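The values are calculated or read from the model by the stated rules, or taken from the named source; none is laboratory data. Just so it is clear, the structure is predicted and the values come from calculations on it, not from any experiment. Note that we place each Cβ from the backbone using ideal geometry, even for glycine, and neighbour counts take in every protein chain shown.
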Amino acid sequence: MAQQQQAGSGAGLGYGFAAYGIWGLFPLYWPLLEPSGAVDILANRMTWSLVAVALILGVTRNWSWIRPLLAQPGRLALSVLAALVISVNWGVYIWGVNSGHVVETSLGYFINPLVTIAFGVLLLGERLRRAQWVAVGIGVLAVAVLTVGYGRLPWIALVLAFSFGTYGLLKKKVALGGSESLALETAAMFPFAVGLLVWLGVTGRGTLGTEGWAHTGLLMLSGLITAVPLLCFGAAAVRVPLSTLGLLQYLAPVLQFLLGITVFHEQMPPARWAGFALVWAALAVLTFDALRRLRRSRAELPAPPSGTRPEGAPADAPSASSAR
């Protein structure tokens, strides 16, 4: 039993690294789709994501969730709202990457845990511990410093952080699995995405089928690369504790940040380094506090029966979101 649990945990870590690693490497993919604009890429991504996830659900025969959901108009409405929010997130992210703002897009996902905490206070009435207040305060100071460093409000990062935080809040209320929620959200946006593709094609602004088979194939592949890390995340979520996923989520923005500096050669003046350092300090405070509470929770668990091992208690580590 212990060996099986260790094997499952190891596989879960592998799936987690795969999910966040793919998300972190996304900035390498979107430039391959040029000369497609951000709107064109977004419409293709939404369209082909539905095709990909429908094929996956068909292979796994996972359709039983649809009928109960159709009988709950409130959850359906929240899912449609989530689809709109994630469309904004995707569109801004794609535009940011292809416009030379990879480092700033990474900042958005670094800030996201702080936004999630703020939402908990403002919308859910949660009470913050001292360490969380300190982290949020450092985060606000970081945004002020980065505003000076950029010479403007880092709006790309803020839109990504707040849209993804809102998306996570809506997904929590809908309570659907990763592939199921992606299917529902892309289905909600599918008519608009196809209509947009038709309009882009008629006006000569679309690139699907006009830039050669290789380019068309890459546009269609955007659906698969959206679905695959989501499936890996789902496989990881059932095998490793939430606290582990909370730490793994930093892999994606770290990779994005490194790509922005080393591959895309974006400038990092001292003020920006100072702002990022403050963000990382805030995340360090959050992580330390979450790990301390996790150890305390485990210490308070009753002793397990002989031959068994206590499962990792979920901690309130920074939330691990499941879409990017």
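A few points about this structure:
- Segment 211-246, residues that are outside any helix (DSSP H, G or I) and surrounded by 13 or more Cβ atoms within 10 Å (Cβ to Cβ): GLU211, ARG239, VAL240, PRO241
- Positions within segment 142-168 being surrounded by fewer than 19 Cβ atoms within 10 Å (Cβ to Cβ) and outside any helix (DSSP H, G or I), in sequence order: GLY151, ARG152, LEU153
- Checked against the criterion of being out of contact with any Asp or Glu (no Cβ under 7 Å at 6 or more places or on another chain) and over 22 Å from VAL228 (Cα atoms), segment 81-88 contains one or more residues that satisfy it.
- Residue match in segment 129-147 (condition: of a type in the set (Ser, Thr, Tyr), modelled with pLDDT under 95 and closer than 18 Å to SER163 by Cα): no
- Residue count, segment 267-289 (criterion: free of Cβ contacts under 8 Å to residues at least 24 places away in the same chain and surrounded by 20 or more Cβ atoms within 10 Å (Cβ to Cβ)): 0
- Candidate set from segment 169-179 (those that are assigned to a helix (DSSP H, G or I) and under 16 Å from the mean Cα position of the chain (by Cα)); member that is modelled with the lowest pLDDT: GLY178
- In the set (1) touching a Phe, Trp or Tyr at 6+ places or on another chain (Cβ under 9 Å); (2) aromatic (Phe, Trp, Tyr); (3) surrounded by fewer than 21 Cβ atoms within 10 Å (Cβ to Cβ); (4) modelled with pLDDT of 95 or more, the condition left unmet by PHE264 is number (1).
- Extreme residue, farthest from PHE26 (Cα to Cα), among residues of segment 79-116 that are touching a Pro at 6+ places or on another chain (Cβ under 8 Å) and among the β-branched types (Val, Ile, Thr): THR116
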